[in-house]
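Okay, so here's the structure we're looking at.
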Amino acid sequence: MDDHSDDIRRPLSPRIEVYAGAGRKQWPDDLKAQIVADSLEPGAIVTNVARRHGCRPQQVHDWRRRARLGQLVLPASADTLSFVPVASESALPAAAEPSGLPEAAAIVTVEFQGARVEVRGAPGLAALSDVFLALRRTRSC
């Protein structure tokens, strides 16, 4: 059977793709990460994001899965909060006295997954460790 038709009533394909060369297209990891980040924007539809970037929705879903597993690193967003380690340039000696502030003035507040815990006074490392362990157990993090 002939696939070609001269019938003008038959709709023409709106898009024709011509592949020159052999093999699959290689997507760089930074481009994959940018496409995944675009697909994770609020209101984004994976099919539309894939079409805009010239790839298939299945690829975007696979890249999103890889990003969840940590196999694909996403670019940092300006709105994303991140934590950095704190390093003290001068450590206090073990026998050093507190700065003289009243203990009632110190408050450590921890907010995590909807829970809020306030520790008043000058909590030691053991007390703060207990707070984090309790949060971890009750919030299954």
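Each value in this text was obtained by applying a stated rule to the coordinates, not by laboratory testing. Predicted, not measured: the structure shown is a model, and the values here were computed from it. Glycine gets a Cβ as well: all are built from the backbone with ideal geometry, and neighbour counts include every protein chain shown.
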Practice problem: Pop a pseudo-label 7 angstrom from the Cα along the beta-carbon direction at both ASP30 and GLU17 and give the gap in nm to one decimal. | Solution: 2.5 nm
Quiz item: What's the extension gain from ASP38 to ARG9 if we count 0.36 nm per residue and subtract their Cα-Cα distance?
Solution: 6.6 nm
Quiz prompt | FRET efficiency, 1/(1 + (r/R0)^6) with R0 35 Å, evaluated for ALA76 and VAL108 via beta carbons | solution = 0.80
Practice problem: Pull out a ≥ b ≥ c, the square roots of the eigenvalues of the alpha-carbon gyration tensor of segment 29-68, then state rounded if a/c is under 1.5, prolate if not and a/b is larger than b/c, and oblate in the remaining case. | Solution: rounded
Quiz item: What is the spin-label model distance, in nm, from LEU133 to ARG56 if the labels are put 7 Å beyond Cα along the C-beta direction?
Solution: 5.1 nm
